[in-house]
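J.: The structure's right below; bear with me while I get my questions together.
The values are calculated or read from the model by the stated rules, or taken from the named source; none is laboratory data. Keep in mind it's a predicted model, so treat the numbers as computed, not measured. Using ideal geometry, Cβ is built from the backbone for each residue, glycine included, and neighbour counts are taken over all protein chains shown.
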Amino acid sequence: MEIDLLRVPKASRQVIFWIHPEGRVVGSIFLRKHSAYHAGSETPLEALNHPEPFIVFKRENPQELRFYNRKSVIRVEYDGKDYHVATAIKPLPCQMHMMDGSFIKGTIHEPLHPNKARLLDYLNKSEDAFINVQVDENTILVNKSYINYVHIDNLEDSDDV
């Protein structure tokens, strides 16, 4: 009974982890039912940006519970968009070339301060290890330490220089 009082209510969210050096792993992470930053449940991005070194992952095949070091997670993919269009100041299109050879072309939708609303400002936010990139109708959370470089298509339309 006392142990139940110490339990934090969580819900699982199916994701795909890309782990260094293991590769693609399908399973679920556990999200708090109440976010510390906004109304509603915790987002996968918030869970990945926790300061603790390990994240709990329930692997599907074979079924097992693992504790992955967040620094070994290259990226996390899941279905659906994970942002609110009304909060995005300006969509930031970009192309990311990853250290594992993969290429991610997508858009970042984040509420940024008008004086710090450049793509470079978002990439340089030191408190967050992972960033949220929207690719078509899906979300990819990218570990910034695995980004080799980010490319911008049109310098004339960019405020990032």
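J.: With the structure loaded, tell me whether residue 34 is loosely packed, with under 15 Cβ neighbours inside 10 Å, in contact (Cβ under 8 Å) with a residue 24 or more places away in the chain and either part of a loop (DSSP other than H, G, I, E, B) or among the β-branched types (Val, Ile, Thr) (or both) or whether it fails that test.
T.: Details: loosely packed, with under 15 Cβ neighbours inside 10 Å: yes; in contact (Cβ under 8 Å) with a residue 24 or more places away in the chain: yes; either part of a loop (DSSP other than H, G, I, E, B) or among the β-branched types (Val, Ile, Thr) (or both): yes.
It is true that residue 34 is loosely packed, with under 15 Cβ neighbours inside 10 Å, in contact (Cβ under 8 Å) with a residue 24 or more places away in the chain and either part of a loop (DSSP other than H, G, I, E, B) or among the β-branched types (Val, Ile, Thr) (or both).
J.: Looking at (1) surrounded by fewer than 17 Cβ atoms within 10 Å (Cβ to Cβ); (2) assigned by TED's automatic domain parsing to the domain that holds residue 152; (3) at pLDDT 95 or above, which is the one condition that is false for residue 59?
T.: Checking residue 59 against (1) surrounded by fewer than 17 Cβ atoms within 10 Å (Cβ to Cβ); (2) assigned by TED's automatic domain parsing to the domain that holds residue 152; (3) at pLDDT 95 or above, the one that fails is (2).
J.: So residue 100 clears everything in (1) touching a residue at least 24 places away in the same chain (Cβ under 8 Å); (2) not assigned by TED's automatic domain parsing to the domain that holds residue 148 except one condition, right? Which one?
T.: (2)
J.: Would you tally the residues in the range 90-122 being over 14 Å from residue 76 (Cβ atoms), hydrophobic (A, V, I, L, M, F, W, C) and in contact with a Cys (Cβ under 9 Å, 6 or more places away or on another chain)?
T.: Matching residues across the range 90-122 total 2.
J.: When residue 65 is evaluated against the numbered criteria (1) over 16 Å from the mean Cα position of the chain (by Cα); (2) surrounded by fewer than 12 Cβ atoms within 10 Å (Cβ to Cβ); (3) part of a loop (DSSP other than H, G, I, E, B), which criterion, by number, is the only one it fails?
T.: (3)
J.: Going by what's in this entry, would residue 71 be described as of a type outside the set (Gly, Ala, Ser) and in the same structural domain as residue 150 (by TED's automatic domain parsing)? Break it down into steps so the answer makes sense when it comes.
T.: On the way: of a type outside the set (Gly, Ala, Ser): yes; in the same structural domain as residue 150 (by TED's automatic domain parsing): no.
So residue 71 fails the test.
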